[in-house]
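What follows is a short report on a single structure.
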Amino acid sequence: MSGGPEHVLVVGAGLGGIRTVEQLRHAGYEGRISLVGAEEHTPYDRPPLSKQLLAGDWEAERLALKDDSGLEDLGVRLYLGLPAVALRPGEVELADGSVLSADAIVLATGVVARTLPGQPEVVHTLRTLDDALALRTDLDKAASLLVVGAGFIGAEVASTAVAKGVRVTVLEAAPVPLVRGLGERVGAMAGRLIAEGGVDLRLGVALREFVPTASGVTVELADGTRLEADVAVVGIGGRPDLEWLADTGLDLRDGVLCDATGRVLGLDGVWALGDMAAWADPETGGHHRHEHWTSTADQATVVSRAITGTEPPPPTVPYFWSDQFGLKIQLIGRPDLADSVEQLQGEGLDGGPIKGTVVGYFAGNALVAVAGFGAARYVVRYRALLQQKADREAARDLAASFVKK
């Protein structure tokens with residue numbers, strides 16, 4: 001290509017950053033590309049951190065998204081172990097005081113793990129490779145684990161620990177786990193999966209404080225109950241990594257606001273993608289942060305095509321998965337748009353076996369999302385219906401066709 005920027009600077013060396021670099025080259029961009037990362041590690045995959053790596057089935061090298069030769073083939077200059085500390089027109093300042101100038105800047109710094117007030121250093125969070133390795137080291141010596149937060153990360157950590165023979169207690173402040181991602185009815189079913197998996201799941205509980213102890217971790221709940229464990233991890237989600245953008249004048253209340261191609265509103269020559277970016281949402285007329293692995297990869301393609309001026313990719317349907325307690329949970333579409341759910345297959349919502357359950361999410365009569373529990377061969381078939389914006393009857397007909405077979 002010609003006529004594009006001479007230098008593209010990508011800030012954030014995770015999935016979104018490396019996929020942006022790859023897609024720029026795929027689109028024919030031949031100019032300079034620089035990739036800045038706060039961690040010293042080359043880009044790696046995060047989903048295995050709470051599963052294969054934590055279990056000890058994989059080592060860190062297997063998580064690499066690109067090996068050294070692959071990075072060399074991309075012709076990208078790396079600045080690793082150097083967090084960005086400021087963004088100014090056409091330039092980014094790094095923690096060592098150096099300044100990088102570029103014609104196009106892509107922000108992909110993701111999120112940082114949330115912590116609780118007074119959280120001791122001995123209590124783990126899980127966001128980075130170093131976090132996962134430290135937790136694995138402690139978990140290998142532990143008989144008991146306390147997990148604060150029954151979201152997807154908390155559930156996956158609990159599942160991995162149970163499989164290692166560790167006694168696990170999970171605390172969740174909400175009355176239903178995973179409610180933000182799955183909604184109340186499906187979240188309740190996911191909670192049953194956690195409990196049936198051998199976890200002491202305590203819902204609707206508030207943690208008052210961490211109590212200092214000579215070894216292990218002790219917490220006191222609001223009702224005065226004290227719980228002890230050899231190891232503790234707080235998994236209460238993440239917040240967008242935006243502090244370094246405080247002086248830009250941007251509205252950063254819930255991510256960096258962007259248009260539908262990832263271009264940052266209010267800044268020239270800057271794009272943002274991934275967990276930190278709130279893209280224009282044609283479904284609601286507002287902005288939405290898609291905090292999923294596949295959405296980040298899809299957005300990297302959109303941004304790269306916008307920067308290079310090449311044809312944009314076709315729209316995609318959001319997709320997410322989680323492996324826990326012997327089942328793969330899959331979610332396709334936008335459950336946040338739904339006002340009702342309906343069990344399309346299986347008996348999980350009725351208290352029966354969870355495996356094989358498929359749930360449809362509907363906004364009025366329109367199918368907007370599908371969740372499956374141990375039902376991969378069925379869930380994939382609903383993707384076409386979501387792309388077609390099919391109605392409830394079409395979803396029921398597809399479900400019925402599986403029964404006939």
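Past 19 Å, Cα to Cα: identify those pairs from K51/K328; K66/K164; K66/K328; K328/K355, in the order given. Walk me through the numbers before you get to the answer.
Values: K51/K328 12 Å; K66/K164 30 Å; K66/K328 26 Å; K328/K355 9 Å.
With Cα atoms farther than 19 Å apart: K66/K164; K66/K328.
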Among 83-91, 317-325, how do they line up from the highest to the lowest mean number of other beta-carbon atoms within 10 Å? 317-325, 83-91
Using a Gaussian network model of the chain whose springs link C-alpha atoms within less than 10 Å, name the residue from G75, G165, G183 with the highest mean-square fluctuation. G165
Multiply the residue gap between A95 and H7 by 0.36 nm, knock off their C-alpha separation, and tell me the result in nm, one decimal place. 29.6 nm
Taking only C-alpha pairs under 8 Å that are 6+ residues apart, what is the relative contact order of the chain in percent? 14
Fewest to most neighbouring Cβ within 10 Å: what's the order for S50, S34, S98? S98, S34, S50
Distance between the C-alpha centers of segment 343-396 and segment 259-320? Whole Å please. 26
For the chain, modelled as a GNM with alpha-carbon contacts under 10 angstrom, which of T301, T248, T20 fluctuates the most? T248
Run through the DSSP bridge list for segment 115-234 and note the antiparallel percent, rounded to the nearest 5. 35
Net charge near S304: determine it from the other residues with C-beta under 10 Å of the C-beta of S304, scoring Lys and Arg +1 and Asp and Glu -1. +2
Rounded to the nearest 5, what % of the DSSP beta bridges within the chain are antiparallel ones? 55
Neighbour counts of other C-beta atoms within 10 Å: give me D397, D200 arranged from fewest to most. D397, D200
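Classify segment 280-405 as rounded, prolate or oblate, taking a ≥ b ≥ c as the square roots of the eigenvalues of its Cα gyration tensor: rounded when a/c is under 1.5, otherwise prolate if a/b is larger than b/c and oblate if not.
Here segment 280-405 falls in the prolate category.
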In terms of Cα to Cα distance under 14 Å, which aspartates and glutamates are near enough to K389, apart from those fewer than 8 places away along the same chain? E283
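Each value in this text was obtained by applying a stated rule to the coordinates, not by laboratory testing. Note that the structure is predicted; figures quoted are calculated from it, not measured. Note that each Cβ is placed from the backbone with ideal geometry, even for glycine, and that neighbours are counted across all protein chains shown.
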